[in-house]
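Take a look at the structure set out below.
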Amino acid sequence: MQTSKFGIMQGRLSPSINGELQCFPFGKWENEISFLSKAHLDFIEFFIDEEFNNENPLNSNMGIERLKKNLDLHNSEVYSICFNYMIKHSLNEEPKVKESLFSLIENHKLLNYKIIVLPFYELSEINVDNLESYRQVITEILELAKRKDILVALETNIEAVQLNEYINSFNSKNLGVVYDTGNRVTFKVSLQEEIRVLKDKIFHVHLKDKNDKGNVLIGTGSVDFYEVFSALDEIKYKKNFVFESQRGIDPVNTAYNQLSYIKFIKKEAEDK
């Protein structure tokens, strides 16, 4: 039986730069891989920055080779990659964005990752008014992803019923969604009901907690994780989880404690 693994977003095992929640760990990305065992985590979700970053190992063959050596050394892998570049650059209107994404997918065997996350926010926001304008580019992405045996997970603010219909309209086993607990709770919806609607379209889960002021430590915000894991158990979700949460004072210790909390709640929900 497949057992879910727990990863963490790149940069969350290092102190924040200028108080930013999402930031590349300059000078520390290799250290983060070695910190995985201390936090009892399985993998890091790497990302392509919102703006080009020479230090990001994914942006060069030399960097990828360094990354692979570090992963082998610490018995880890690249399971998922988040293409954040499309947040500040339009996937539909800037050719360089699609070129960068297609290059990442074309060369996926270098890292053998399983899922690419596409965050449809800001300059690439997808909503009820522009869904069809993205159909062509998503279709092209899926054609390439299918050849490379990669799953494509959309991250979007579209409500669950309409998102499920949109995903189904592509008729592709390679297309699904990222379910982000923190982002969804801000819409004051039932996370349990959304999970039931999306069911097997959920390819990936980002674990995050929020209150009215923003992102907070897991378990201190508005997300009812018992409800979340009860619903995930109901749909027999066995895929992986990635923490995209606050770092706290000591990022590695925070990650370890948040993992312990989540594993406890998950077991309680599944053993009910």
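Laboratory data are not the source of any read-out in this text; all were calculated from the coordinates shown. Treat the numbers as computed from the prediction; the structure is a model and nothing was measured. Glycine gets a Cβ as well: all are built from the backbone with ideal geometry, and neighbour counts include every protein chain shown.
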Can you spot the aspartates and glutamates whose alpha carbon is less than 19 Å from Lys69's alpha carbon? Ignore those fewer than 8 places along the same chain.
Glu30, Glu32, Asp42, Glu45, Glu55, Glu77
Once the Cα gyration tensor of the range 24-83 is diagonalised, what are the square roots of 5 times its eigenvalues, in whole Å and ordered largest first, as equivalent ellipsoid semi-axes?
19, 12, 11
Proximal lysines to Lys96, defined as alpha-carbon separation beneath 16 angstrom and excluding residues fewer than eight positions away on the same chain
Lys88
Packing-based exposure ordering (other Cβ within 10 Å, fewest first) of Arg247, Arg147
Arg147, Arg247
In the range 160-225, lysine pairs 8 or more places apart or on different chains with C-alpha atoms under 16 Å apart total 5
GluC sites (Glu not before Pro) restricted to the range 139-245 and DSSP loop, no more than 15 other C-beta within 10 Å:
Glu159
3J(HN,Hα) from dihedral phi, the range 265-271, Karplus parametrisation 6.51/-1.76/1.60, rounded to Hz, x for glycine, proline:
4, 4, 5, 4, 5, 6, 8
Based on the Cα atoms of the range 1-126, what semi-axes does the equivalent ellipsoid have, where each is the square root of 5 times one gyration tensor eigenvalue, given in whole Å with the largest first?
24, 17, 15
Under 5 Å between amide H atoms, partner at least 5 residues away or on a different chain: which partners does Cys82 have, H built in plane at 1.01 Å?
Phe46, Phe47, Ile48, Val117
Given the DSSP H assignment, sum -39500 (n - 2.57) over each helix run of at least 4 residues in the chain and divide by its residue total; what's the result at 222 nm in deg cm²/dmol, nearest 500?
-12000 deg cm²/dmol
Residue by residue through the range 240-249, the couplings from Karplus 6.51 cos²θ - 1.76 cosθ + 1.60 with θ = phi - 60°, in Hz, x for Gly and Pro, are 9, 10, 10, 6, 10, 10, 5, 7, x, 6
So what are the ³J(HN,Hα) numbers for the range 137-146, from phi and the Karplus equation (6.51, -1.76, 1.60; θ = phi - 60°), rounded to whole Hz, Gly and Pro as x?
5, 5, 4, 5, 4, 5, 4, 6, 4, 5
